[in-house]
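See structure below.
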Amino acid sequence: QMNLGSAIYEIEYVDKLLDVGGTNRLSGAIDHAQCVIAVDPSASPQAIAETIIHEVLHFFLVQYGQEDAIMPARLEGVVETLSNGFLAAIRLNPDFVKLIQEL
């Protein structure tokens with residue numbers, strides 16, 4: 001499970017995860033209506049962590065009405081950049097993460 005404040009999302013591992021059209025393989029996907037984050041289990045643990053963070057960022061963009069603020073053609077690239085940067089910041093700064101948890 002992933003508690004996102006206003007909703008709790010289940011994390012489901014889905015083999016051969018495909019896009020809505022059923023043609024493109026995905027690393028992850030978020031279903032806002034069902035409160036599910038689907039992840040391809042064949043990925044490495046690091047890739048799975050990155051994918052979950054990526055989908056969580058999509059949640060926040062939708063939840064706070066900001067997804068349309070990013071040009072549709074650039075949305076995935078922006079979310080990917082933010083998720084990789086956020087994960088790197090967490091990994092490289094464990095003392096900061098501990099500080100946040102203690103607040």
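Structure notes:
- Carbon plus sulfur fraction of accessible area for the chain, probe 1.4 Å, in percent: 57
- Think of each Lys and Arg Cβ as +1 and each Asp and Glu Cβ as -1; about the Cα centre, that makes the dipole of the chain roughly 200 debye.
- In degrees, nearest ten, helix 45-63 long axis to first principal axis of the chain (Cα): 80
- Taking the chain and dividing mean pair separation by its residue count, relative contact order in percent (alpha carbons under 8 Å, at least six apart): 18
- Extension reserve of the T23-I100 stretch, reckoned as 0.36 nm per residue once the Cα distance is removed: 23.6 nm
- Close amide-amide hydrogen proximity is noted between L17 and L26, each under 5 Å apart and 5 or more residues distant or on a separate chain (H modeled in the peptide plane; Pro and chain starts excluded).
- Leading residue at positive end of dipole, the chain (Cβ point charges), from V20, A38, T81: T81
- Sorted into 5 angstrom bins from 0, the C-alpha pair distances of the chain split as 2, 12, 19, 23, 23, 14, 5, 2, 1 percent.
- To the nearest 10, the accessible area of L82 is 100 Å² with a 1.4 Å probe.
- Three-way shape label, segment 9-52, alpha-carbon gyration tensor, a/c 1.5: oblate
- Share antiparallel - DSSP beta bridges, the chain, percent rounded to 5: 65
- Probe 1.4 Å, accessible area per residue of the chain, Å²: 68
The values are calculated or read from the model by the stated rules, or taken from the named source; none is laboratory data. Just so you know, these numbers come straight off a predicted model, no measurement behind them. Quick reminder, even Gly has a Cβ in these numbers, built from the backbone with ideal geometry, and neighbours come from all protein chains shown. Accessible surface is based on the protein model in full, side chains and every heavy atom, while ligands, DNA and RNA are left aside. Shrake-Rupley method; radii C 1.70, N 1.55, O 1.52, S 1.80 Å.
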